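Have a look at the structure below, then the notes.
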Number of protein chains: 2
Amino acid sequence: MIEVVQTVSKMHQVADRLRMAGQRIGLVPTMGYLHEGHLSLISRAIQLSDRVVVSIFVNPIQFGPNDDLSAYPRDLDRDLALIEEFGAHLAYVPDAEQMYPAGYATHVDVEGLTDHLCGLSRPGHFKGVTTVVAKLFAAVKPHVAVFGQKDAQQVLVIQRMVRDLNLDVDVVASPTIREPDGLAKSSRNVYLTPEEREQAPVLYRALERGKQLIEEGHRSAHHVVREMRAIITRAPHATIEYLEAVDMEGLAPRPHLSGRILLAGAVLFGKARLIDNISVDVP
Amino acid sequence: MIEVVQTVSKMHQVADRLRMAGQRIGLVPTMGYLHEGHLSLISRAIQLSDRVVVSIFVNPIQFGPNDDLSAYPRDLDRDLALIEEFGAHLAYVPDAEQMYPAGYATHVDVEGLTDHLCGLSRPGHFKGVTTVVAKLFAAVKPHVAVFGQKDAQQVLVIQRMVRDLNLDVDVVASPTIREPDGLAKSSRNVYLTPEEREQAPVLYRALERGKQLIEEGHRSAHHVVREMRAIITRAPHATIEYLEAVDMEGLAPRPHLSGRILLAGAVLFGKARLIDNISVDVP
């Protein structure tokens, strides 16, 4: 069985031992319930390091009061078997008491970048993310950490945190893994009813259509977003939370599209909140 | 001459090299203008580690708009000579552009503990301290860091940050170094006029009197603080910013004194804001 570390002090010891032996540590932070998206992150981490640590922790402080914390899917035994099968070397599985003991009082916050997209609809979410990622980095001491490009804003926020706090970690984004019909792989896809599942690929189709319009020469964000919205609103179970064309640097909306653009959306299908994004370089 | 490192990337390299060689790294964070208090911190760090890094950085984000940032005393050449003389091995001297580049957006904040004492009169101060200390820890990768007990609240706040963020650093507090008349050594003592300097030891005398009263059996914080205030108000140049008896754990005021008590004060003498504290165990 794969080695499982459950405490911070033990994780520090293991990390120091690996580093002293000259081993490069790769970290794949997850909330468990692993799918092929995570597999691709682990594969990337295996390419980039000598020993891959997969952390599993459903982080309560990144969920809002109306979010799906209690319903979030969990299956630790299956996850540990998959981690081993995927070729990672160690699972870091701290419990909530280990992560947020009595008297816990510290947060890491990135301003600006977190005011847009998911940050608008999920206040406090990214503060929870940056705090837990800072803790995972401190515990695991990775040389490199791999995140999914599906959470594009999360990647940018964590890269900013790493730069600002002088953390010695390479943050690598790995491409989104999709079902054959384009739906991005996500642990939350299990919430979808068969009907919702059938309609869910409209988000990716809308993003692809936006990219096509830009590549055809359209430069009005209003026009591009309107065309994207039209595709999603045709799906009766879809409710758009946001759908935007923003600049890749600051994530702020742009009326006139230029430079590197992120097309990003969050769409509700029943109990599932699905996000997706693609980037496009305006020539 | 002592080795001086000025960039984060170079500091990471040096830290990794020392750690790979099995050397224990000690860090003494300072804002420069070193005095015997810093010497004692360096001596303690030398006892506790193999290679001592002294950082020098006057951190703008821990100063408020009315604080003494521009006037804060600086003398880098003298500091570097003293660091070498004191027996430390390396100076980490980043500039503000290195520490807070364009687009800087990240802060580390400890709640609760920072609502009292200096946190009340200097809003944002501790957020600046925890942020810069998190950065220095990430850059220097110390095994142990030594801080002065004169800044008692700072020590407690940093210890909480380290615990909460799972940082693998021992935070050690080193006793306050005093002038023969009891005045705590501080870089800010240079602001004192001869008259103010003569009166400045009343802060320590008041704290000592508070301790004596508690040891004699007094348990009313109101009574103890009133007696301490009376000593300071006799000094015509002194203006009390705060003077309190708080519990050592949460730093909250206590009407009835029990357990471990911190007697702490901040007193203004002209341009100098002086702080001091002593602790006493109520039997």
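The values are calculated or read from the model by the stated rules, or taken from the named source; none is laboratory data. Note that this is a predicted model, so its numbers are computed, not measured. Cβ: placed from backbone, ideal geometry, glycine included. Neighbour counts: every protein chain shown. Protein only, heavy atoms only, side chains kept; ligands, DNA and RNA dropped before computing areas. Shrake-Rupley method; radii C 1.70, N 1.55, O 1.52, S 1.80 Å.
Given chain A, what percent of its DSSP beta bridges are antiparallel, to the nearest 5?
DSSP beta bridges in chain A are roughly 55 percent antiparallel.
Averaged over B:137-143, how many beta carbons belonging to a partner chain fall within 10 Å of each residue's beta carbon? Before the final figure, lay out each step's value.
Numbers: counts 4, 10, 4, 1, 2, 0, 1.
Taking the mean over all residues of the peptide, I get 3.
Relative to the longest principal axis of chain B, what angle (0 to 90°, nearest 10) does the C-alpha long axis of helix B:221-233 take?
80 degrees
Between copies, how close do the B:A21 label points come, placed 7 Å along Cα→Cβ, listed in nm from shortest?
2.4
If I take R0 = 56 Å and measure r between the Cβ atoms of B:R163 and A:D181 in this structure, what FRET efficiency does the formula 1/(1 + (r/R0)^6) give, to the nearest 0.05?
Efficiency, rounded to the nearest 0.05: 0.75.
How large is the Kirkwood hydrodynamic radius of the protein assembly as shown, in angstrom, based on all distinct alpha carbon pairs?
26.2 Å
Taking every DSSP beta bridge with both residues inside the protein assembly as shown, roughly what % is antiparallel (nearest 5)?
If I count the DSSP bridges inside the protein assembly as shown, around 55 percent turn out antiparallel.
How far is A:L268 from itself in the other copies, in nm, if each label sits 7 Å out from Cα along the Cα-Cβ line, shortest first?
5.2
Compute the Rg/Rh shape ratio of region B:72-161: radius of gyration over Kirkwood radius, all on alpha-carbon atoms. The partial results should precede the final answer.
Numbers: Rg = 14.8 Å, Rh = 15.1 Å.
Here the Rg-to-Rh quotient is 0.98.
Report the Cα centroid-to-centroid distance between region B:151-224 and region A:205-283 in angstrom, as an integer.
Rounded to whole Å, the Cα centres lie 57 Å apart.
For B:D170, enumerate residues with amide H under 5 Å from its amide H, sequence gap 5+ or separate chain, H modeled in the peptide plane.
B:V144, B:A145
Quick one: compute a quarter of the convex hull surface over the Cα atoms of region B:187-277 and quote it in nm². Mind dumping the intermediate values first?
Working: hull surface 22.8 nm².
Answer in nm², one decimal: 5.7.
Accessible area lost on pairing A with B, both sides, 1.4 Å probe, Å² to nearest 100?
Counting protein atoms only, the buried area is about 2600 Å².
First select every other residue whose beta carbon is under 14 angstrom from the beta carbon of A:K150; then total the charges, Lys and Arg +1, Asp and Glu -1.
Within the 14 Å Cβ shell, the charges total +1.
Determine the share of chain A's accessible area contributed by carbon and sulfur atoms, expressed in whole percent, with a 1.4 angstrom probe.
50 percent
As I understand it, the dipole of region A:75-224 uses +1 on the Cβ of Lys and Arg and -1 on the Cβ of Asp and Glu, about the Cα centre. Which of A:H218, A:F147, A:S121 lies farthest toward its positive end?
A:H218
Specify the angular offset, from 0 to 90 degrees and rounded to the nearest 10, of the alpha carbon long axis of helix A:36-48 from the longest principal axis of the alpha carbons in chain A.
Long axis of A:36-48 versus the principal axis of chain A: about 60 degrees.
Checking buried surface per residue: for region A:92-106, which residues lose a minimum of 50 Å² accessible area in the protein assembly relative to the chain alone (1.4 Å probe)?
Listed in order, they are A:A105, A:T106.
List the residue from chain B whose beta-carbon is nearest to the axis that rotates chain B onto chain A, together with that distance in whole Å.
B:V108, 3
Taking each residue of B:162-173 in turn, how many C-beta atoms of other protein chains fall within 10 Å of its C-beta, and what is the average?
Working: counts 2, 6, 13, 9, 14, 8, 10, 1, 0, 0, 0, 0.
Counting Cβ atoms of other protein chains within 10 Å of each residue's Cβ and averaging gives 5.
So, with +1 on the Cβ of K and R and -1 on the Cβ of D and E, and no other charges, what is the size of the charge dipole of region B:3-174 about its Cα centre, to the nearest 20 debye?
That gives a dipole near 400 debye.
Distance from the Cα centre of region B:91-128 to that of region A:1-17, in angstrom?
31 Å
What FRET efficiency would be calculated for the residue pair B:R78, B:Q13, taking the C-beta separation as r and a Förster radius of 35 Å, to the nearest 0.05?
0.80
Roughly what angle does helix A:8-20 make with the longest principal axis of chain A, taking Cα atoms, 0 to 90 degrees, to the nearest 10?
Roughly 80 degrees between the two axes.
Check each of the GluC sites (Glu not before Pro) in region A:191-222 and keep only those in coil by DSSP with at most 11 other C-beta atoms within 10 angstrom; list them in order.
For GluC sites (Glu not before Pro) across region A:191-222 that sit outside H, G, I, E and B with at most 11 neighbouring Cβ atoms in 10 Å, the list reads A:E216.
Take the Cα of A:M1, step 7 Å along the line toward its Cβ, and report every residue of region A:55-78 whose backbone nitrogen sits under 18 Å from that point.
Under 18 Å, as judged by backbone N against the label point of A:M1, lie A:55-57, A:75-78 of region A:55-78.
Per 10 Å bin, what percent of the C-alpha pairs of chain B does each bin hold, from zero upward?
Pairs per bin, as whole percents: 6, 28, 35, 22, 8, 1.
Distances from B:E111 to the same residue in each other copy, label points 7 Å out along Cα→Cβ, in nm, shortest first?
1.8
Any idea of the accessible area per residue across chain B, 1.4 Å probe, to the nearest Å²?
Normalised by residue count, the accessible surface of chain B is 42 Å².
With a sphere of radius 9 Å drawn around the Cβ of A:L18, what net charge do the other residues whose Cβ falls strictly inside it have (Lys, Arg +1; Asp, Glu -1)?
With Lys, Arg at +1 and Asp, Glu at -1, the net is +3.
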